[in-house]
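Report on the following structure.
The values are calculated or read from the model by the stated rules, or taken from the named source; none is laboratory data. Owing to the predicted nature of the structure, the values given are computational and were not obtained by experimental measurement. With ideal geometry, Cβ positions are generated from the backbone for all residues, glycine too; neighbour counts draw on all protein chains shown. Only protein heavy atoms, including side chains, enter the accessible area calculation; ligands, DNA and RNA are left aside. Shrake-Rupley method; radii C 1.70, N 1.55, O 1.52, S 1.80 Å.
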Amino acid sequence: QVQLVESGGGLVQPGGSLRLSCAASGSIFRIVASAWYRQAPGKQRELVASITLGGTTNYADSVKGRFTISRDNAKNSVYLQADNLKPEDTAVYYCNANIERSAFFPGRDYWGQGTQVTVSS
């Protein structure tokens, strides 16, 4: 079994920063790609940032220049550094990872339980 556990959410004032962490545990051969999504009340879940095994990153236009995704392959972890936060960044943030459990089978997607980020004065 594989689990993703997020941490680091909370309440922050506009202009502030947060660092979200996501740790994968269980029977893991390799994490192929990781991503952060978010879902605000009444809105669809949207991709915030993604990172491949090779380190190639991709960002939503709304967070470019403010958010940075990174990964630590040795710790099976992915991070999201969120700077200059705005009220419109308020959402539940979800970690997503495509994980191979062995070298003989393709990876599948796993999701964390979500962590709340609230940006308000």
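Figures for the structure shown
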{"read-out": "Percent carbon-and-sulfur accessible area, the stretch 1-117, ignoring ligands, DNA and RNA, probe 1.4 Å", "value": "50 percent"}
{"read-out": "Spin-label proximity, Arg30 to the stretch 93-108 - amide N less than 18 Å from point 7 Å beyond Cα toward beta carbon", "value": "97-108"}
{"read-out": "Selected from Ala82, Val63, Gln1, residue furthest toward positive end of dipole (the chain; charges at beta carbon)", "value": "Gln1"}
{"read-out": "Translational diffusion coefficient (Stokes-Einstein; Kirkwood radius from C-alpha pairs) of the stretch 1-108 at 37 °C, 0.692 mPa s, in µm²/s", "value": "229 µm²/s"}
{"read-out": "For the stretch 1-109, size of Cβ-based charge dipole, Lys and Arg +1, Asp and Glu -1, in debye", "value": "120 debye"}
{"read-out": "Net length gained if the chain between Gln3 and Ala103 were fully extended (0.36 nm per residue, minus Cα distance)", "value": "34.1 nm"}
{"read-out": "Accessible area per residue, Å², the chain with all protein chains present, probe 1.4 Å", "value": "54 Å²"}
{"read-out": "Set of aspartates and glutamates with alpha-carbon distance to Lys64 below 17 Å, sequence-local pairs under 8 removed", "value": "Glu46, Asp83, Glu88, Asp89"}
